[in-house]
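Attaching a single structure in structure tokens format; questions to follow.
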Protein chains: 2
Amino acid sequence: MIEKEKLLKRTPVYEGKLLHIYKDDVEIGGRKTWREVVLHPGACAIIPVTDDGAVLFVRQYRYAVEEALLEIPAGKIDPGEAPDVCAARELTEETGFRAGSLRKLGAVYTTPGFCNETIHLYLADGLIPAHQHLDADEYLDVVKVPLADVRRMIEAGELHDAKTLAAFAIAGPHLFQD
Amino acid sequence: MIEKEKLLKRTPVYEGKLLHIYKDDVEIGGRKTWREVVLHPGACAIIPVTDDGAVLFVRQYRYAVEEALLEIPAGKIDPGEAPDVCAARELTEETGFRAGSLRKLGAVYTTPGFCNETIHLYLADGLIPAHQHLDADEYLDVVKVPLADVRRMIEAGELHDAKTLAAFAIAGPHLFQD
């Protein structure tokens, strides 16, 4: 039987630039315990598909995992920003292309065990050249990979970013049709 | 150009039960800045496939996202534990079945932007009844879903757990063959 856990008292334990951590006293089935949670503003991630059948990835160094990762373009939602607007903005900022068509695939929780981050997933095509505009502390390369190679890399376990794989789990059956 | 960021100084800012948060002074391309990181012990997640062509999911309430989620069985790696051992243990603890065969699919980073969590992904079949053994603070239901329905739910955006979708992105093309 699944019961909702009731928040009794929330205590901030760390207020950082990006991370906001709380210790919550909660009640579940009459029993009291506590949970640590990271609050996150949410994000969007986009599979950009070119007219000649390739995906535009970004490759960037990820400090937390000490590795450069191949990921689909993504970024955090600004305060008050709608997910669709964020997705269109991040696509252009990171890849330098606007979407002719932007279709929502779904939304995923990256780490529901301790964080409320939701990533809204999109498929973009009909790409139109625009201007890349990276944040001051953002360093990334745009990497174009043909769909057949993307499919092979996924099945070989060569892509390691969970949101990227989640987006292809939803879109793949259509994208990878022969 | 992608450069590695060099750690200059690590300062613990929160030491919790589950979460360990650090503020790191780093250098990138001669410039100094700082990063907040969550350190995590890593985890394993398993797609358990039954002999009659269904997947055993677990449904559990996730406090951080205030929702009951359908996920593949998963759990944190104990100190010193090998990922394969963790995967076999978590499968049995959560579903009550042992794996006749356990095959590694790959490994993913759930939130490389701020956390080092790695989830090792597995496919289990040849399931043998054993004894479910939940942690004291663990409440979950085992939910059996036929493969055809799993496929439909994924494509309809009805599964919201990123690790679950990531595992199916890798295993799906073989699992969902007609």
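The values are calculated or read from the model by the stated rules, or taken from the named source; none is laboratory data. All values reported here derive from a predicted model rather than from experimental measurement. We place every Cβ from the backbone using ideal geometry, glycine too, and count neighbours over all the protein chains shown. Only protein heavy atoms, including side chains, enter the accessible area calculation; ligands, DNA and RNA are left aside. Shrake-Rupley method; radii C 1.70, N 1.55, O 1.52, S 1.80 Å.
Being part of a loop (DSSP other than H, G, I, E, B), more than 7 Å from chain A (Cβ to nearest Cβ) and acidic (Asp, Glu) is the filter here, so list the residues in region B:110-144 that pass it.
If the condition is that a residue be part of a loop (DSSP other than H, G, I, E, B), more than 7 Å from chain A (Cβ to nearest Cβ) and acidic (Asp, Glu), then B:Asp135, B:Glu138 are the ones that fit.
Going through B:Ala162, B:Ala107 one at a time, which residue ends up being touching a Phe, Trp or Tyr at 6+ places or on another chain (Cβ under 8 Å) and small (Gly, Ala, Ser)?
After ruling out the rest, the residue left standing is B:Ala162.
Condition first: in a helix (DSSP H, G or I) and either surrounded by fewer than 22 Cβ atoms within 10 Å (Cβ to Cβ) or aromatic (Phe, Trp, Tyr) (or both). Now tell me which residues in region A:145-170 satisfy that.
Those that are in a helix (DSSP H, G or I) and either surrounded by fewer than 22 Cβ atoms within 10 Å (Cβ to Cβ) or aromatic (Phe, Trp, Tyr) (or both): A:Leu147, A:Ala148, A:Asp149, A:Arg151, A:Arg152, A:Met153, A:Glu155, A:Phe168.
When both residues are 6+ apart or on different chains and their Cβ atoms are under 9 Å apart, which pairs have a first residue that lies in region B:132-145 and is within 19 Å of B:Asp51 (Cα to Cα), and a second that is of a type in the set (A, V, I, L, M, F, W, C) and not in a strand (DSSP E or B)?
Within 9 Å, the pairs are B:Val145/B:Met153.
Which of the residues that make up region A:104-122 are of a type in the set (Val, Ile, Thr) and under 10 Å from the mean Cα position of the chain (by Cα)?
A:Val108, A:Thr110, A:Thr118, A:Ile119
Need the failing condition index for A:Asp149 against (1) farther than 19 Å from B:Asn116 by Cα; (2) facing another protein chain (nearest Cβ under 9 Å), just the number.
(2)
While we're here: Restricting to region A:27-82, count the residues that are open to solvent by 30 Å² or more (accessible area, probe 1.4 Å), under 12 Å from the mean Cα position of the chain (by Cα) and either over 30 Å from A:Glu3 (Cα atoms) or polar (S, T, N, Q) (or both).
The total comes to 1.
Could you tell me which numbered condition B:Leu7 fails, if it satisfies all but one of (1) open to solvent by 20 Å² or more (accessible area, probe 1.4 Å); (2) more than 13 Å from every other protein chain (Cβ to nearest Cβ)?
(2) is the only condition that B:Leu7 fails.
Yes/no per residue for (1) touching a helix residue (DSSP H, G or I) at 6+ places or on another chain (Cβ under 7 Å); (2) within 11 Å of chain B (Cβ to nearest Cβ); (3) outside any strand (DSSP E or B):
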residue: A:Leu18; (1), (2), (3): no, yes, yes
residue: A:Lys23; (1), (2), (3): no, yes, no
residue: A:Asp51; (1), (2), (3): no, no, yes
residue: A:Val55; (1), (2), (3): yes, no, no
residue: A:Pro79; (1), (2), (3): no, no, yes
residue: A:Val85; (1), (2), (3): no, no, yes
residue: A:Arg89; (1), (2), (3): no, no, yes
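Same structure, new question: Here are A:Leu91, A:Leu121, A:Leu127: which of them is at pLDDT 95 or above, open to solvent by less than 10 Å² (accessible area, probe 1.4 Å) and touching a Pro at 6+ places or on another chain (Cβ under 7 Å)? Full working, then the answer.
On the way: A:Leu121 fails: touching a Pro at 6+ places or on another chain (Cβ under 7 Å); A:Leu127 fails: open to solvent by less than 10 Å² (accessible area, probe 1.4 Å).
Testing whether each residue is at pLDDT 95 or above, open to solvent by less than 10 Å² (accessible area, probe 1.4 Å) and touching a Pro at 6+ places or on another chain (Cβ under 7 Å) leaves just A:Leu91.
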